[in-house]
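The values are calculated or read from the model by the stated rules, or taken from the named source; none is laboratory data. Nothing here was measured: the structure is a model prediction, and the numbers come from that model. Positions of Cβ are backbone-derived with ideal geometry, glycine not excepted, and every protein chain shown enters the neighbour counts. Please note that ligands, DNA and RNA were not included when accessible areas were found on the heavy atoms of the full protein model with its side chains. Shrake-Rupley method; radii C 1.70, N 1.55, O 1.52, S 1.80 Å.
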Amino acid sequence: MKKTLKYLKPYSGIVAWGLVFKFIGSVAELFLPLVLDYIIDEVVPVKDTKMMIILGVAMLGLSFIALFGNIIANRFAAHSSGNMTRDLRYDLFKKTSSLKSSQVDAFTLPSLVSRLTSDTYYVNQAVARSLRLGVRAPILLIGGVILTFILDWRLALVLLACVPLVSIAVVIITKKSVPMYTTVQQSGDAAVRSMQENISGVRVIKALSKTDYEVEKFGAVNDKLTADEYKTNKITSLTNPLATLVLSLGLVGVIAAGAYLSAEAGTVLAFLSFFTLILNAMLGISKIFVTLSRGVASAERIECVLATDERMEVTDRPDGDHEYKIEFKDVSFSYNGKENNLEGVSFKVKAGQTVGVIGGTGSGKTTLINLLMRFYDVGSGAVFVDGKDVRSVDGGALRSQFGAAFQNDFLIASTVRENIDYFRGLSEDDVSKAVRCSCADDFIEGLEGGLDFVLAQKGANLSGGQKQRLLIARALAGNPDILVLDDSSSALDYATDARLRKGLKEYYPDCTKFIVAQRVSAVRHADIILVMDDGRAVGTGTHEQLMESCEEYRQICTVQSGGDL
């Protein structure tokens, strides 16, 4: 948790002042029993009314000092821990956004969401409680023990004997609870994953009448999370009862010893007050340890992400053929490192040409794009853009050449214009040209406010075809050198799809197009068609060439034209 606590450094001044006020308030609390002892044993017997009033006012003053000292300190603690968590959450989000795709796969998306939300909350609680009780509890405990020795060392020994027993119990319980909280958070990741899948696929689930199945499935995950939490809480919940039991027995011992030793009434009463302070201090320390247990487990998960090197390694590599805009040279790749998802893929595309990629589900079409844009690095072979190996080019510089519309792209809850521009500061002419080329002007003109129409989250107030055209417009608006369309016209009718292809030639003639599609009509006019099957390029050429030389392509065309195989 050391790296996480570094986020407190900018607020060290506020933390220091908070500790000062907490110290003052805690010391004021410690002096209250001493004043009470003096009043009962020294002032009351001589009936010194004036002194009683003075000391009564002093006790009232100490009470107010303790009250306001703790209030101010708690406010400082909330302010510093809140700001620290804000900074931590910001850096964690920034790091998460920069992770390589393979790293996101390793952490899993639900786990990253959980670390960004619940884990940062638990860290906040651990820090805030430590700042509130981390000074007060030790001062009350140590100061209380010292002052009891000053009052009566014999009674203090009875009280002191309880402290090690409580400390041992707290240490043992804390040691057991840290790994258990890690298990709880992993179960929480599974619950987030289940909810995320259910929410994302709610329409499919309802269409297939599988709501009850998903409810039962989540119930199993929820039961696992509940069982893990119960198991953990069963251990941590022992802390307070054990501490209370031991210290309560100590209290009985103090009263019995006081009666046996004929201690003065004021001393015994002061001991009872100190005992209450010490009890609260021990319970406070136990609460800190319980909260820290969860906070440490969360901090470790957060630090694991923050410590990940997300930088794309840029190394000098041999150039490819500079005559071509895109070149895949004997490329093989595996997501899991065991079996290849691509095997020996090679093809070349000149600037301004259109390459169409077609094939069945799981044939490796999207994987080609992932490697082209360097979301993943090749296992063997090389991918070149402008004759440069993509591994020898900075990731930002590489992707600045691309405009992309993916299968599962997203729209934000904002205006149509902002969704197309996406905060790039594009000119009105660029936006308008992209809208016309993508055939999005047809429906945008009919929206209330046109480009200023506000979309619902994920574009829920648009049809599938409208969303796809908007996403294509976004990809085109930046005037990219390479346009990537990953099955992003599947919801368009044939007429609109044809207009889109015509618009691309008219408005972006110099742009190299990389089009992944399921429909032959979307790629048949491409300069190069790449036919993928089980991770291999089984055919490369024009439509006419492939109809003669590639059996897989002929089968796709026959099926889609309604013919018999």
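Cross-link pairs exceeding 28 Å between alpha carbons, from the set K325/K365; K231/K458; K365/K458: K231/K458. About its Cα centre, region 321-402 has a charge dipole of approximately 200 debye under the convention of +1 per Lys or Arg Cβ and -1 per Asp or Glu Cβ, with nothing else charged. Model label sites at Y507 and R154, defined 7 Å from Cα along the beta-carbon direction, differ in position by 9.7 nm. Net charge in the neighbourhood of V123 (other residues with Cβ under 12 Å of its Cβ; Lys, Arg +1, Asp, Glu -1) is +3.
Given charges of +1 on the Cβ of Lys and Arg and -1 on the Cβ of Asp and Glu, with all other atoms neutral, how large is the dipole of the chain about its Cα centre, in debye to the nearest 20? The calculated dipole for the chain is roughly 1740 debye.
Using R0 = 35 Å, the C-beta based FRET efficiency linking I168 and A78 works out to 0.65. With the whole protein complex present, W153 retains an accessible surface near 150 Å², based on a 1.4 Å probe. Each label point was placed 7 Å from the Cα along the Cα-to-Cβ direction; for K338 and A498 their separation is 4.8 nm. Fully extending the segment from D321 to D452, taken as 0.36 nm per residue of separation minus the present Cα-Cα distance, adds 42.6 nm. Using only Cα atoms and rounding to the nearest 10 degrees, what angle (0 to 90) does helix 551-560 make with the longest principal axis of the chain? Relative to the chain, helix 551-560 is tipped by roughly 80 degrees. Projecting the Cα atoms of F31, L109, T236 onto the charge dipole of the chain, computed from C-beta unit charges around the Cα centre, puts F31 farthest toward the positive end.
Percent of C-alpha pairs per 10 Å bin in region 95-230, short distances first: 10, 23, 25, 17, 12, 9, 4, 1. For E216 and D394, a Förster radius of 56 Å and the Cβ-Cβ distance give a FRET efficiency of 0.70, rounded to the nearest 0.05. Inter-label distance, E428 to A58: 8.0 nm, where each label sits 7 Å from its Cα along the C-beta direction.
In terms of its Cα atoms, region 56-98 spans 63, 7, 6 Å along the principal axes, sorted from long to short. Our coupling estimate for region 416-429, obtained by passing each phi through the Karplus curve with A = 6.51, B = -1.76, C = 1.60 and θ = phi - 60°, is 4, 4, 5, 5, 6, 6, 6, 6, 9, x, 6, 6, 5, 5 Hz, Gly and Pro reported as x. Round to the nearest 0.05 the FRET efficiency obtained for S12 and V538 when R0 = 51 Å and r is the Cβ-Cβ distance. According to the calculation, E is roughly 0.20. Secondary-structure-derived ellipticity at 222 nm for the chain, considering helices only, amounts to -19500 deg cm²/dmol, per-run term -39500 (n - 2.57) for DSSP H runs with n ≥ 4. Each residue of region 492-508 was assigned a 3J(HN,Hα) from its phi angle through the Karplus expression (A = 6.51, B = -1.76, C = 1.60, θ = phi - 60°), giving 8, 6, 4, 5, 5, 4, 5, 5, 4, 5, 5, x, 4, 5, 6, 8, 10 Hz with x at Gly and Pro. Net charge near A537: determine it from the other residues with C-beta under 15 Å of the C-beta of A537, scoring Lys and Arg +1 and Asp and Glu -1. Local charge sum for A537: -3.
Relative contact order of the chain: 14 percent, from C-alpha pairs under 8 Å at least 6 residues apart in sequence. The stretch between S102 and D223 holds 40.5 nm of extra length on full extension. This uses 0.36 nm per residue minus the Cα-Cα distance. Cα centroid distance between region 277-348 and region 131-160, in Å? Centre-to-centre distance over Cα atoms comes out at 48 Å.
In straight-distance terms, cross-link reach from K348 covers every one of the aspartates and glutamates whose alpha-carbon lies under 12 Å from its own, apart from those fewer than eight places away in the same chain; here that gives D321, E323, E327, D330, D386, D527.
The heavy atoms of R132 present about 80 square angstrom of accessible area, all protein chains included, probe 1.4 Å.
Taking the accessible area of the chain, probe 1.4 Å, and keeping the other protein chains in place, the carbon and sulfur fraction comes to 58%. With all protein chains kept in place, the per residue accessible area of the chain amounts to 50 square angstrom at a probe of 1.4 angstrom.
Bridging of K95 to lysines at a Cα separation below 21 Å is possible for K2, K3, K6, K9, once same-chain residues fewer than 8 apart are set aside.
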